[in-house]
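What follows is a set of notes on a single structure, which appears directly below.
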Amino acid sequence: MRKPIIAGNWKMYKTRDEALQFIYTVNQAVPSIDEVETVICAPAVLLRCLVKRQGDHLKIGAQNMHFEEKGAYTGEVSPFLLKDTGVQYVIIGHSERREMFNETDESVNKKVHAAFKYDLTPIVCVGEKLQERENGTTNVIVDAQTVKALSGLTKEQVKKVVVAYEPIWAIGTGRTATAEIANETCGYIRSVIERVYGKEVADEVRVQYGGSVKPNNIKELMAQEHIDGALIGGASLEAEAFITMTNFNK
């Protein structure tokens, strides 16, 4: 059985006080880490204060990182520095990074390798635009993104990767892929991993769905065969909503 992983992506929201109020509210209300991995991916300036206050069942992650350990990269945060803060996860290749900040498949791959070098679990995002969905090239897009993101990893490393399928047309738009569509594409991503790394690896990789996930649709999404979790944006900003979503199976 693949352990479900529910991750909140706060994006560029929350002050320090708001973040602390949130973590004190959810620490004891999320499921046991033995049942569900619960992660909050916060802005870099909040990471250390959240790590210091995370409960036993809540983990903290970053939203991005550079692939170099150190250097003249003004404004960037390295995997070495993230590891030093105590975070355990990092989102890599989010569609907003790809669209707004020129993230490429090559840089995503470099960041994935850097994450493993510093024992960080990468949450690797893949997904298609609306036009690509409408013209029938969804599988072509997610196939290429998945293969390139994981290129050069060992089988044991691939088993630890979390892949987040994010249809770009469903992020922040209020439009959600139906559970059937989401499951179909998550299943296709798993088949891509099986093709390259074998069935044993593919059976262990967790594939999340991300795209307007909310308390009223998470149960249906999580009931699907190939959906092992959710990467949640706006709905993760409200503590009670996030608690509800992490407890999807109750």
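Out of everything in the stretch 114-136 that is open to solvent by 10 Å² or more (accessible area, probe 1.4 Å) and part of a loop (DSSP other than H, G, I, E, B), what residue ends up being nearest to Val39 (Cα to Cα)?
By that ranking, first place goes to Asp119.
Take the conditions assigned to a helix (DSSP H, G or I) and either in contact with a helix residue (DSSP H, G or I) (Cβ under 6 Å, 6 or more places away or on another chain) or closer than 25 Å to Lys117 by Cα (or both) and apply them to Lys219. Does it pass?
So Lys219 fails the test.
Can you tell me how many residues within the stretch 76-100 are under 23 Å from Tyr165 (Cβ atoms), in a helix (DSSP H, G or I) and not hydrophobic (A, V, I, L, M, F, W, C)?
The number of residues fulfilling the criteria is 5.
Out of curiosity, is Thr85 among the polar types (S, T, N, Q), in contact with a Lys or Arg (Cβ under 7 Å, 6 or more places away or on another chain) and at pLDDT 95 or above?
Here the answer is yes, as Thr85 does meet what is asked.
Collect the residues in the stretch 83-96 that are more than 16 Å from the chain's Cα centre (by Cα) and open to solvent by less than 70 Å² (accessible area, probe 1.4 Å), keeping them in residue-number order.
Residues satisfying the conditions are Thr85, Gly86.
Among the candidates Glu96, Glu128, single out the residue that is in contact (Cβ under 8 Å) with a residue 60 or more places away in the chain, within 29 Å of Thr185 (Cβ to Cβ) and out of contact with any Asp or Glu (no Cβ under 8 Å at 6 or more places or on another chain).
Being in contact (Cβ under 8 Å) with a residue 60 or more places away in the chain, within 29 Å of Thr185 (Cβ to Cβ) and out of contact with any Asp or Glu (no Cβ under 8 Å at 6 or more places or on another chain) holds for just one of Glu96, Glu128, which is Glu96.
Scan the stretch 5-28 for residues that are modelled with pLDDT of 95 or more, over 22 Å from Gly211 (Cα atoms) and not in a helix (DSSP H, G or I) and jot them down.
Those that are modelled with pLDDT of 95 or more, over 22 Å from Gly211 (Cα atoms) and not in a helix (DSSP H, G or I): Thr15, Asn27.
Is it the case, given these coordinates, that Val205 is modelled with pLDDT of 95 or more and open to solvent by less than 10 Å² (accessible area, probe 1.4 Å)?
Yes; evaluated as a whole, the condition is true for this residue.
Residues Glu18, Glu99: which one is of a type outside the set (Lys, Arg), within 29 Å of Ala202 (Cα to Cα) and open to solvent by 10 Å² or more (accessible area, probe 1.4 Å)?
Every option except Glu99 fails the conditions.
The values are calculated or read from the model by the stated rules, or taken from the named source; none is laboratory data. If you're wondering where the values come from, they're calculated on a predicted model, not measured in any experiment. Please note: Cβ atoms are built from the backbone with ideal geometry, for glycine as well, and neighbour counts cover all protein chains shown. All accessible areas refer to the heavy atoms of the entire protein, side chains included, with ligands and DNA or RNA removed. Shrake-Rupley method; radii C 1.70, N 1.55, O 1.52, S 1.80 Å.
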